[in-house]
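The values are calculated or read from the model by the stated rules, or taken from the named source; none is laboratory data. None of the values given here were measured: they were computed from a predicted structure. Note that we place each Cβ from the backbone using ideal geometry, even for glycine, and neighbour counts take in every protein chain shown.
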Amino acid sequence: MPPIRHPLFDPMHPGRLHRPPFPLSPLDENEQVVLVDEAGTAIGTADKATVHGAHTPRHLAFSCYGFRADGRLLVTRRAHDKATFPSVWTNTACGHPAPGESPAQAATRRLRYELGVQPRELTMALPDFSYRAFDGTVEENELCPVLVCRIDDDPQPRADEVGEWAWWSWAQFLAAAADPESGLSPWSREQAPLLDAVLGRIGDDGGSGR
């Protein structure tokens, strides 16, 4: 009698071999971002490959901060050939939810794709954060909810996404965020003190506090 194949335990079961509902990589030809108004309401979509420019329309993004059990934060340096803010040190991962995708789903997708890590205890920390920043060529103009999560393993990053990575203490990250000469990404510098104010509460609620 052949063994019984169950979709929960067999990754090759036909019931699990389906196309994912959202793009797994930024290489999909028609990857879209969600355009939003000042109230955060979705008003349309745009091609990610062309939406960023000197005057970028406001759109939905996310930032994620991944902590080890000992409280250290996984920081990454953006690859040198990234279209926006290349080679800057920043938080664990950033990205753009696809139409119909939540920030948490997008964060999970990008963490797996960019860094080869599986987030645990993914928690929304700053749902209304937004910012604008200009790197001299391209503007970022994003409604950018901030999530935190637990990461248990060292990353295995893609070279076209991440140039370097390191585990920093939260105090080290806060110091870099407070130093205008640190080279930390502008969104991380704005997010750090806001996130610091809520991390303890998130930990008390059972999420990923530092």
Evaluate the range 52-70: report whether one residue or more is free of Cβ contacts under 8 Å to residues at least 40 places away in the same chain, farther than 23 Å from Pro193 by Cβ and either surrounded by 19 or more Cβ atoms within 10 Å (Cβ to Cβ) or within 11 Å of the chain's Cα centre (by Cα) (or both).
no
Say we look at the range 20-60 and pick out the residues that are touching a helix residue (DSSP H, G or I) at 6+ places or on another chain (Cβ under 7 Å) and of a type in the set (S, T, N, Q); which of these is modelled with the lowest pLDDT?
Ser25
Restricting attention to the range 137-151, does a residue exist that is assigned to a loop (DSSP other than H, G, I, E, B) and over 16 Å from the mean Cα position of the chain (by Cα)?
yes
Take Leu60 and decide whether it is in contact with a Lys or Arg (Cβ under 8 Å, 6 or more places away or on another chain) and aliphatic (A, V, I, L, M).
no
Which condition number does Ala79 fail, the rest of (1) within 27 Å of Arg120 (Cβ to Cβ); (2) modelled with pLDDT of 95 or more; (3) surrounded by fewer than 22 Cβ atoms within 10 Å (Cβ to Cβ) being met?
(2)
Checking Pro157 against (1) part of a strand (DSSP E or B); (2) buried (at least 17 other Cβ atoms within 10 Å of the Cβ); (3) of a type outside the set (Phe, Trp, Tyr), which test does it fail?
(1)
Select from the range 176-202 the residues that are farther than 17 Å from Leu74 by Cβ and free of Cβ contacts under 8 Å to residues at least 24 places away in the same chain and list them in ascending order.
Ala178, Asp179, Pro180, Glu181, Arg189, Pro193, Ala197, Gly200, Arg201
Regarding the range 141-155, can at least one residue be identified that is at pLDDT 95 or above, within 18 Å of Thr84 (Cα to Cα) and charged (D, E, K, R)?
yes
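Condition first: of a type outside the set (Ser, Thr, Tyr), outside any helix (DSSP H, G or I) and surrounded by fewer than 19 Cβ atoms within 10 Å (Cβ to Cβ). Now tell me which residues in the range 162-185 satisfy that.
First, the residues of the range 162-185 that are of a type outside the set (Ser, Thr, Tyr): 162-168, 170-181, 183-184.
Imposing the further condition that a residue be outside any helix (DSSP H, G or I) reduces the set to 162-168, 179-181, 183-184.
Correct list: Gly163, Glu164, Trp165, Ala166, Trp167, Trp168, Asp179, Pro180, Glu181, Gly183.
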Considering each of Glu161, Glu190 in turn, give the residue that is closer than 29 Å to Val33 by Cβ, out of contact with any Phe, Trp or Tyr (no Cβ under 6 Å at 6 or more places or on another chain) and acidic (Asp, Glu).
Glu161
Would you confirm whether or not the range 127-134 contains a residue that is under 18 Å from Arg78 (Cβ atoms), aromatic (Phe, Trp, Tyr), in contact (Cβ under 8 Å) with a residue 12 or more places away in the chain and in a helix (DSSP H, G or I)?
no
